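The values are calculated or read from the model by the stated rules, or taken from the named source; none is laboratory data. All values reported here derive from a predicted model rather than from experimental measurement. Note that we place each Cβ from the backbone using ideal geometry, even for glycine, and neighbour counts take in every protein chain shown.
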Amino acid sequence: MSLVSKIDKPILIGLGFIVLILAVGTVYTLSTQGTAVFLSPNYLMQQLHVGAFLGITAAGMMMVILLGHIDLSVPWTLAAGAMLATAIGGPLGALTCIGVGLTVGLVNGLGVAFLRVPSMIFTLGVNTVLLGLMVMLTGGHAPQSAATDLMLFLGRDRTLGIPHSVIVWALVSLTLVFVLTRTPLGRYMYAIGNQEAAAYLSGVRTRLVIVAAFVMCSLCAVIAGLALGGYSARAYQAMGDAYLLPSIAAVVLGGTNILGGQGRYAGTVVGALIIVLLQSVLSVMQMEEAFRQVIYGAVIIGMLLIYSRGRIVNA
Amino acid sequence: MLDGGPAAPVGGADLVMRGISKSYGGVHALSDVDFASRAGSIHAVLGENGAGKSTLIKIISGVVQPDRGTMSLGGNPVRFASPLEANAAGIVCIFQELSLMPDLSVADNIAITDPPRTRLGLIDGRAQRRQAEALLARVGCEDIDPRERVRDLPLSRRQMVEIAKALGRHPRILILDEATSALTGSDVEKVYAILHQLRDEGLSLLYISHRMHEIEELADTCSVFRNGRHIETFKKGDHSDDEIVQLMIGRDWSNVFPPKPARTSPPEPVLTARGLTWPPALRDISLSVGRGEIVGVGGLDGQGQRELLLALFGVLRGVAGTVSIGGKPVKIHSPASAKSPEIGMALIPEDRKTEGLMLPMGVADNITMAALPWLTKHLVVDRSAEAEKIKEMVARMQIKVSDLDAPVATLSGGNQQKVVIAKWLLTGARIILLNDPTRGIDVGTKQEIYQLLRSLAAEGAAILFYTTDYDELIGCCDRVLIFYDGRVVRELSGESLTETNIIASSLNLQPGEIPTGAVQ
Amino acid sequence: MKTLRFAIAHNLGLVLAIGLFVVLYAIYVSMHPNYGMNVVLQNGNEALALILVGMAQTMVVLIGGLDLSVGPLMTLVNCFGSIVMAGTGGSIVLGVIACMALGAACGFMNGCIVVYGRIQPIIATLATGAIYLGLALFLRPTPGGRIDGDFAWAFTNDINELGYTYGWWEDLGWFGLIPLQPIYLILIVVLVWLPFRRTATGRGCYAVGSSEAAAFMSGVKINRCKLTAFTLAGFFAGCAGIYLTMQIGSGNADAPQAAEYTLRSIATVVIGGTSLYGGSGGVIGTIFGALVLRSISFIFRVVPESSALGFVASPLLQPFFEGVILLIAVSLGAARTFRVRNRLSLFT
């Protein structure tokens, strides 16, 4: 049992791909500017900083995807949390933001676990309701209030050169890894993703597990919202929209099965890094947005083709 | 008798298979099998679960491909890459698992492969309905409206639709894999009549069944399979029932079951149920299982036995009646409460692949899935205690596994079942409900399971054992409750626990010598 | 009579969607100060693109998948159309055909990736959605292009205007006041959908969505069914793109709009009575599902601010009510969950 075999194949491929992105980018900068900007600690730290928001969102998304569900309410959970935090301000704002996460997670979980509405459509409805609530609250305009001190601390400030959002990402990651690998809850999540009926017949309280996963997902979304609001120094209407599909892509690129039951947390981190680095390197290479999108899509398909080919060989 | 027969009559064809082998991940499902079925005859394929019958059928119908061997149809060599190709050659199969699409109408289902078309090439709905009506009439089911959605039909009606669908595909060889298991009495008669008629029309019929009397009534020729090998082919009447059973199970059957302990006084009851009712499957069922006792649950398939186990385990909603454990009335509303220490119940479910195991997860994770709450300290899984328990269980159950983290899907059926049982033993359950636990596993493992059950009983467990296998009821159980139409119609024990009595009471006949079961 | 009973029982979702639409639209009509054919025209104009995108989504949902690329594909065809439909006369016709072909080709590509690449539809189309959006941006980095004004006007209006613009016919009376949008829909349903449903492949799509294993056992050509479903989805999304182009007269690679259309398309499918698990439903339900969604926003437009309902009728509340209605609709469908007697049946 070598270490290599303990690491998932998708994670290895993903790590290799990160190296490839950086290498291609470095060859490019060396030939055009004569510098290896992509290998500088500053640049890499900056990428981690930007990547943290996606990383935290994707971490939450992974919790529900592991169950074979999906959470389409992430964009407006994130935005609503951040907007309420800035609107109310101070510590109470932050508490409200966490409260939003808890509430949304509970509602989603109850709808999916107890009513057994497909998560796809239930969370879509919740997303629309949140959007509606925020539009009502702000009168359709961007809120004026700026990010609170706490948000700035989380999203913008650094200690010893390390952005706090990266630390938050690390803490969220440690917590989730702990949950997934050390607690019964984590074990039950994989079990439900694989075979819900068998988990139920094993005496697992499956509905509570589903609710817990949705709560974790929404909490991650609002934490990302707090940090992102701090990073941009304000909260705005559509701030979460850019995180929905990339967070799903990050989870899947990390080797998690979209149908649930299989995947390692480290993969999601790798997946988020791939997306952030790919976008950044391509934009430094002055690639047009059009090409960046095409390459982004092609990379997802290409990597999944590699994974799925591996699976067929194994089967 | 394998070759040299007369030319196939119109419509039928001889099927000859030679040297067929097939293995799944190292397990030999079929090894070097020769088999032939002739036009104008009904050929019963017999064997225990796991004997290779299903694999044989799957190969003939193109669902799987053999590793080695040749097959010929009407004298021409054939090889089918898919069910579609087999179909085109006139091989039509009625599977145990239904091949109906629940959201489509009966007519749509019957015509799915080759619907009648209008001149424009579109499906002709009216012609399709007439076709369906004609086929349904042929199987004596005029009462089924072709416009009905299959989802809305009861299981026995669906089975008749399945047979009508097969007839609509102009079979030369018709294969029935346990096709009558879901049928009710009057439908069974209809199906027999159709099958005889089809045989007289010159079709070749392959028939798989576990029911001896069905074989007697239907088959012209029988082939017995055991452990993936073809044992013998003979004409009906060449062997007595006992001899056939002997062929099916091999020689050393009598020693398979551990001896039953002699009992001087009735055991103290552990699990008692009174008046369990869950219409229409359960009607006023009362039973009790004592400490150290293995109580068998028998009868034909689908008489409420499964529902009884699910009702006891808290899966069914709205069950009337009372359940007490050790004399204390309890309410069990979910498997989670059933496994709690106060109740200590375990259920080995019917289908281990979808209800017992998480196939892609590791052996270790599967073994501790039910007992995890007791291996947790301060919300964290106590990994060293867990590893120790797993090791203990693997040793006790003799689970053959090299890597405890390997997906449980990579294990053989027998070892998989051992994992399911280990999962529940780890909870320290005192009441063990088993739903047909030996289905599709090898004879060796079966024997281990029988011994395990007996030793668990000796340690004080109360065991309720549902099986479709008469020999298990006779060999393994102290008492047997026979179910018929949601009721317990007989209780058999001691001298009265014989195959004839089981069969007679399963059909709810009055066998005279058996006293009507006064359920304690 | 019996046929009717079956028709209703098997299309309960469709019947409910039609009922909901009739109720909502009746409310709208009764509140509208000066309802007339021109209002119908305006309604049709606003609804058609969403209906078509919803129809595209329906195709993939029917086979048990989900298509996240319908919005981006519509956008791509819009940008492409703003180029190829820019001429006059016959070249416009060629342009429209090219747009339909592009939509179908992209849909076919989705299908190939799903069928031969063995990637889950939702993920495959998430990726191709990004690609289509990229291609759209490539064609139109900034909003622009101008298609023939006469053409755009004539084909997004009513029958009379079509005749006037090209001098084909004069005033046709009340008949001429019929808007073109419902005619387009009827044409698509009659010429594409209804025949498709009656082909072996079309029925195969339902079979695959209902039970892929049973369909395989029954000899249904599964790959062909899936490819056809994706191709038709692409075709419908392409039609949506064409209509959008005629409506706005130019091309715009609007990513947020594409995402919104994708998400809304899922809602239209569900409200229209198609099961997200596949196998039952159809595009006709989706048409009404989309109309229900649109009717909600129409209503908010006509409630007078001064009336008693004025405070709840603020346009700001519209998205909120849309979400609530969607949640209520899907939760009602979940009522069966509480009637289930064998809890194991919840998991299949």
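Residues of segment A:136-151 include none that is surrounded by 19 or more Cβ atoms within 10 Å (Cβ to Cβ), facing another protein chain (nearest Cβ under 10 Å) and either over 21 Å from the mean Cα position of the chain (by Cα) or closer than 15 Å to A:THR77 by Cβ (or both).
A quick yes/no check of all residues on (1) in contact with a Pro (Cβ under 8 Å, 6 or more places away or on another chain); (2) within 10 Å of chain C (Cβ to nearest Cβ); (3) free of Cβ contacts under 8 Å to residues at least 60 places away in the same chain:
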{"position": "A:CYS220", "(1), (2), (3)": "no, no, no"}
{"position": "A:GLY230", "(1), (2), (3)": "no, no, no"}
{"position": "A:ALA235", "(1), (2), (3)": "yes, no, no"}
{"position": "A:LEU244", "(1), (2), (3)": "yes, yes, no"}
{"position": "A:GLY255", "(1), (2), (3)": "yes, no, no"}
{"position": "A:GLY263", "(1), (2), (3)": "no, no, no"}
{"position": "A:VAL294", "(1), (2), (3)": "no, yes, yes"}
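You will find that of B:GLY168, B:GLY140, the residue that is more than 27 Å from B:LYS53 (Cα to Cα), buried (at least 16 other Cβ atoms within 10 Å of the Cβ) and touching a helix residue (DSSP H, G or I) at 6+ places or on another chain (Cβ under 6 Å) is B:GLY140 and no other.
Selection of segment B:368-393 for residues being assigned to a helix (DSSP H, G or I) and in contact with a Leu (Cβ under 7 Å, 6 or more places away or on another chain) yields B:ALA385, B:GLU386, B:LYS389, B:ILE390, B:MET393.
Here B:ASN255 fulfils each of the conditions (1) surrounded by fewer than 18 Cβ atoms within 10 Å (Cβ to Cβ); (2) modelled with pLDDT of 85 or more apart from (2). Take the conditions (1) farther than 27 Å from B:GLY90 by Cβ; (2) within 14 Å of chain C (Cβ to nearest Cβ); (3) of a type outside the set (Asp, Glu); B:ILE144 misses just one of them, which is (1). Here A:ALA94, A:ALA36, A:ALA59, A:ALA87 are screened, and the one residue that is surrounded by 24 or more Cβ atoms within 10 Å (Cβ to Cβ) and of a type outside the set (S, T, N, Q) is A:ALA59. When B:LEU153 is tested against (1) hydrophobic (A, V, I, L, M, F, W, C); (2) under 27 Å from B:ARG439 (Cβ atoms); (3) more than 14 Å from chain C (Cβ to nearest Cβ), just one condition goes unmet, and that condition is (3).
Criterion first (within 12 Å of chain C (Cβ to nearest Cβ) and closer than 26 Å to C:ARG118 by Cβ) does A:ILE301 satisfy it? Against the criterion (within 12 Å of chain C (Cβ to nearest Cβ) and closer than 26 Å to C:ARG118 by Cβ), A:ILE301 qualifies. Which members of segment A:192-207 meet the condition of being of a type in the set (A, V, I, L, M, F, W, C) and touching a residue at least 40 places away in the same chain (Cβ under 8 Å)? A:ILE192 - this is the single residue of segment A:192-207 that is of a type in the set (A, V, I, L, M, F, W, C) and touching a residue at least 40 places away in the same chain (Cβ under 8 Å). I'd like the residue in segment B:130-168 that is among the charged types (D, E, K, R) and within 20 Å of B:GLY302 (Cβ to Cβ) and, out of all such residues, is modelled with the highest pLDDT. By that ranking, first place goes to B:GLU162.
The rows are residues; the columns are (1) facing chain A (nearest Cβ under 10 Å); (2) in a loop (DSSP other than H, G, I, E, B); (3) among the polar types (S, T, N, Q); (4) buried (at least 23 other Cβ atoms within 10 Å of the Cβ).
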| position | (1), (2), (3), (4) |
| --- | --- |
| C:LEU102 | no, no, no, yes |
| C:VAL115 | no, no, no, no |
| C:ALA127 | yes, no, no, yes |
| C:PHE138 | yes, no, no, no |
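Across segment C:178-206, which residue is nearest to the other protein chains (Cβ to nearest Cβ) among those that are over 18 Å from C:ALA240 (Cβ atoms) and touching a residue at least 60 places away in the same chain (Cβ under 8 Å)? Reasoning before the result, please.
Residues of segment C:178-206 that are over 18 Å from C:ALA240 (Cβ atoms), as a first pass: C:178, C:190, C:194-195, C:197-206.
Going one step further and asking which of them are touching a residue at least 60 places away in the same chain (Cβ under 8 Å), we end up with C:178, C:197, C:205-206.
On the way: C:ILE178: 28, C:ARG197: 8, C:CYS205: 11, C:TYR206: 6 Å.
This residue is C:TYR206.
State yes or no: is A:HIS69 in contact with a strand residue (DSSP E or B) (Cβ under 6 Å, 6 or more places away or on another chain) and more than 10 Å from chain C (Cβ to nearest Cβ)? No; evaluated as a whole, the condition is false for this residue.
Looking at segment A:239-261 only, could you name the residues that are more than 16 Å from A:ILE301 (Cα to Cα), in a loop (DSSP other than H, G, I, E, B) and in contact with a helix residue (DSSP H, G or I) (Cβ under 7 Å, 6 or more places away or on another chain)?
At the first step, the residues of segment A:239-261 found to be more than 16 Å from A:ILE301 (Cα to Cα) are A:239-244, A:259-261.
From what's left, in a loop (DSSP other than H, G, I, E, B): A:239-240, A:259-261.
Answer for segment A:239-261, where residues must be more than 16 Å from A:ILE301 (Cα to Cα), in a loop (DSSP other than H, G, I, E, B) and in contact with a helix residue (DSSP H, G or I) (Cβ under 7 Å, 6 or more places away or on another chain): A:MET239, A:GLY240, A:GLY260, A:GLY261.
Which of the numbered conditions does A:GLN286 fail, given that it passes all the others? Conditions: (1) more than 10 Å from chain C (Cβ to nearest Cβ); (2) outside any helix (DSSP H, G or I); (3) surrounded by fewer than 22 Cβ atoms within 10 Å (Cβ to Cβ); (4) in contact with a helix residue (DSSP H, G or I) (Cβ under 8 Å, 6 or more places away or on another chain). With respect to (1) more than 10 Å from chain C (Cβ to nearest Cβ); (2) outside any helix (DSSP H, G or I); (3) surrounded by fewer than 22 Cβ atoms within 10 Å (Cβ to Cβ); (4) in contact with a helix residue (DSSP H, G or I) (Cβ under 8 Å, 6 or more places away or on another chain), A:GLN286 is out only on (4). Hey, can you tell me all the residues within segment A:72-121 that are free of Cβ contacts under 8 Å to residues at least 40 places away in the same chain, among the β-branched types (Val, Ile, Thr) and within 12 Å of chain C (Cβ to nearest Cβ)? The answer is A:VAL107, A:VAL117, A:ILE121. Which residues, counting only those in segment C:1-44, are more than 17 Å from C:LEU293 (Cα to Cα), aromatic (Phe, Trp, Tyr) and assigned to a helix (DSSP H, G or I)? Within segment C:1-44, just C:PHE6 meets the criteria. Here A:GLY240 clears all of (1) in contact with an Asp or Glu (Cβ under 9 Å, 6 or more places away or on another chain); (2) modelled with pLDDT under 90 except the condition numbered (1). With B:GLY356, B:GLY314 as the choices, which residue is at positive phi and surrounded by 14 or more Cβ atoms within 10 Å (Cβ to Cβ)? Just a single option satisfies the conditions, and that option is B:GLY314.
All conditions but one from (1) outside any loop (DSSP other than H, G, I, E, B); (2) modelled with pLDDT under 85; (3) not acidic (Asp, Glu) apply to B:SER21; the one that does not is (2). Looking only at residues of segment B:404-436 that are modelled with pLDDT under 85 and not aliphatic (A, V, I, L, M), we find that the one that is surrounded by the most Cβ atoms within 10 Å (Cβ to Cβ) is B:GLY414.
Let's see how each residue does on (1) buried (at least 24 other Cβ atoms within 10 Å of the Cβ); (2) within 18 Å of A:MET151 (Cα to Cα):
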{"position": "A:MET83", "(1), (2)": "yes, yes"}
{"position": "A:GLY99", "(1), (2)": "no, yes"}
{"position": "A:LEU102", "(1), (2)": "no, no"}
{"position": "A:ARG116", "(1), (2)": "no, no"}
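Determine whether A:ALA199 is part of a helix (DSSP H, G or I), within 8 Å of chain B (Cβ to nearest Cβ), over 15 Å from A:MET61 (Cα atoms) and of a type in the set (A, V, I, L, M). Even if it seems obvious, please write down each step before you answer.
Working: part of a helix (DSSP H, G or I): yes; within 8 Å of chain B (Cβ to nearest Cβ): yes; over 15 Å from A:MET61 (Cα atoms): yes; of a type in the set (A, V, I, L, M): yes.
Considered against the rule, which asks whether it is part of a helix (DSSP H, G or I), within 8 Å of chain B (Cβ to nearest Cβ), over 15 Å from A:MET61 (Cα atoms) and of a type in the set (A, V, I, L, M), A:ALA199 comes out as yes.
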